[in-house]
Each structure stands twice: as structure tokens, then as C-alpha cells.
């Protein structure tokens, strides 16, 4: 009778011990559980004393082994999980395009210092002399050359536009909105005269030598008024201004040589005035 009782108790103990799964953790503790699912990283289980309780999770790296209720067991190796390198999308920053100082369009301002090569004054054939006397056969045309105008100071502003996609040379247009010049004349009553050129238009050419250096060759023609600004020593003479220029440009700055021929007509006395000025220019394009 005692033997039968002992066998019964041993069988009951064996049944109870193998009716649950045992999760052995790496820290030495154990969990009595019913294992539901094993994934690549997680073990899902319910506590043995809560068969209808919530499903719990434990990381495989925290588990050493599982002893199942049928007596079998499963060992787990600790896996080092390396986080994938974060592939951060580089911030796409639009690189600011460097300004092409040589071939770019732009507004320009220039100062000029020069000398008047020579001046001309032509009196045309007329049937009336300055006193109003009438001559049926006219009187002789008089031409005089005045070299007394020595120096000049001018300022000029306008715009340049270049066309095409050439990398070394581009043609274009140059508009001079205003050119104001003061010309010293020690033989005149007030010592100087002046001229104003408005709306000059011409051709422009830019030659690129390096990224920051280049050459320009320009020509222009337009409306001009001599002795326009006070104090007047002569009646304003309306005519044209035309000329040519060559420049050396370094980035926005430019220096060059400029030739201008300015003409003005005084119709009431049939007189034509002309000045020929060679200048050194310095300026900037924006």
C-alpha cells in the first residue's frame, strides 16, 4: 500500500512539473509560463498561473533556455544586434551659382579723366553776316581749331546686355543713359564748358580671359548737348556724341581708354562745334 502511494505521488509530481514551460533567464531567474510563440527577437508567453491572462513578451537575448512541458529544452545564444547605419539623406543645398563678372549683364557706373585732343569751330557759308548784312554770293566759310581746352572730368552710367552661351566671347548692347562732362577752357569767359549726352546706344563685346579677368571693346553713338548746364558762356549746341572704348576688367572693376567726339550745332549762326576727348576710365559693373 505504501509503494502504491509513493508511485502515485511521484507520477502526480512528474505530471505537474511537465505541464508547464519554464523560461530560464540569463540573470538566473525563471518564469513558469505557457510559451505561445517564438520570433527572431521575442518570446511570447502567458504566465502559468494566468492561463487566460495577457500575452507577455521577453527578448530572446534575456533568455538562456526554455524547458518545455514535455521535458525537451531549447538553448538560446545571445545575438548581438547591430543597428543598421542610418542613411541620412544629405541635405540638398542648391549651390549658389558664382556670378560671371566678365560675361554677365549689369548696370555700370564709370568716371573718366581726360584731355581734349583738339576743338573745332566751323562757320558755314551764309548769305548774312553776323550783323545781318545780306551778301547775294555768300561769304567765306571759316574754320578754326582751338586747342585751349585742356582737361575734362566726366561721369557715365548705363547698362550692358550680352547674348548667347559662348564661354569666351559674347556680343551685346550697351546703353548709356547719361554722360555728363565738364571741360576746362582757360580762354573762355568762365573757364570751362560742359556737355550732356543722353540715350547713347551701341555695341558691346566681352572677352573672357580667366574666371575673373577679361577685356571689353565697345562703340556707341547718341544725342548730345554742349554748354547745356549753367553758367552759360555760349548758347547750348545740339548734336551727337560718338566714340569707342577698350577696357580691362577684373571682377566687377574695369579700367580702360575712351575716345569721344562730341558735336553741337548752332543753327542761328550756322556754327558747328566739335571736341575730341581721350580719357582714362575707371568704373564698376553691378
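Remark: residue 98 matches the filter, which requires a residue to be in a loop (DSSP other than H, G, I, E, B), within 30 Å of residue 258 (Cα to Cα) and at pLDDT below 85. No other residue among 264, 191, 239, 172 is at pLDDT 90 or above and touching a strand residue (DSSP E or B) at 6+ places or on another chain (Cβ under 8 Å) apart from 172. Reported count of residues in the stretch 212-228, each being without any contact (Cβ under 8 Å) to a residue 40 or more places away in the chain and in a loop (DSSP other than H, G, I, E, B), is 2. Inspect the stretch 64-81 for any residue being more than 12 Å from residue 21 (Cβ to Cβ), in a strand (DSSP E or B) and within 60 Å of the chain's Cα centre (by Cα) and give the result as yes or no. No, the stretch 64-81 has no match at all. Within the stretch 148-163, being in a loop (DSSP other than H, G, I, E, B) and modelled with pLDDT of 90 or more holds for one residue alone: 163.
Within the stretch 251-258, can one find any residue that is in the same structural domain as residue 153 (by TED's automatic domain parsing), modelled with pLDDT under 95, surrounded by fewer than 17 Cβ atoms within 10 Å (Cβ to Cβ) and farther than 20 Å from residue 177 by Cα? Within the stretch 251-258 (the criterion being in the same structural domain as residue 153 (by TED's automatic domain parsing), modelled with pLDDT under 95, surrounded by fewer than 17 Cβ atoms within 10 Å (Cβ to Cβ) and farther than 20 Å from residue 177 by Cα), the answer is yes, since at least one residue qualifies.
The values are calculated or read from the model by the stated rules, or taken from the named source; none is laboratory data. None of these values were measured; they are calculated from a predicted model. Neighbour counts are summed over all protein chains in view; Cβ atoms, including those assigned to glycine, are modelled from backbone coordinates with ideal geometry.
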